[in-house]
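Everything on this sheet refers to the single structure shown next.
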Amino acid sequence: MIGFLDRFLDQTTMYRLVLLYLAALLGAAFILGFFGLVPHDPTALAFSALLITASSWIANRAFAWAFGLPANAESVYITALILALIFDPVAATDLQGVGALI
């Protein structure tokens with residue numbers, strides 16, 4: 001078991017490890033919301049995560065283009081997942097909440 005974990009960590013960057021951990025946290029929140037163990041609706045959580053991810057990706061591409069720099073894909077998703085886990089999920093019909101997430 002230790003050998004497997006050691007090989008996995010040797011081949012995985014810290015960006016990828018953080019990304020996997022945040023995705024696992026979001027997945028756990030989604031599953032717990034599905035079973036009603038947390039007060040958040042899983043569809044609102046999924047919508048919010050997708051909206052934040054799209055906004056982060058667009059902002060990253062715009063700034064990378066404006067400054068002539070290469071875009072780092074993993075940092076976009078790390079930022080989006082952190083924000084999705086911090087902010088309260090909103091429904092698609094809540095326009096103020098959607099505007100706040102964007």
- Note on the structure: Expressed in square angstrom to the nearest 10, the accessible area of R61 with a 1.4 Å probe stands at 120 Å²
- Message: Over all directions, the average projected area of the alpha-carbon convex hull for the stretch 45-102 comes to how many nm²?
- Response: 3.8 nm²
- Could you please state how large a percent of the accessible area of the stretch 1-95 is carbon and sulfur, counting protein chains only and using a 1.4 Å probe? 73 percent
- Mind ranking I31, I82 by accessible surface for me, highest first, 1.4 Å probe? I31, I82
- Task: Might you report the magnitude of the Cβ-based charge dipole of the chain about its Cα centre, with Lys and Arg at +1 and Asp and Glu at -1, to the nearest 20 debye?
- Result: 200 debye
- Debye intensity ratio in log₁₀ form over the Cα atoms of the chain, taken at each q of 0.17, 0.22 Å⁻¹: -0.84, -1.10
- Please calculate the 1.4 Å probe accessible area of F30, with all protein chains present, and give it to the nearest 10 Å². 90 Å²
- From the residues L25, L45, T13, which one has its Cα farthest along the dipole of the chain in the positive direction, the dipole being from +1 and -1 charges on Cβ of Lys/Arg and Asp/Glu about the Cα centre? T13
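The values are calculated or read from the model by the stated rules, or taken from the named source; none is laboratory data. Predicted model only: the values in this text are computed from it and were never measured. As a convention, Cβ positions derive from the backbone with ideal geometry for all residues, glycine included, and neighbour counts pool all protein chains shown. Ligands, DNA and RNA are stripped out before the accessible areas are found, and what is left, the full protein with its side chains, is counted by its heavy atoms. Shrake-Rupley method; radii C 1.70, N 1.55, O 1.52, S 1.80 Å.
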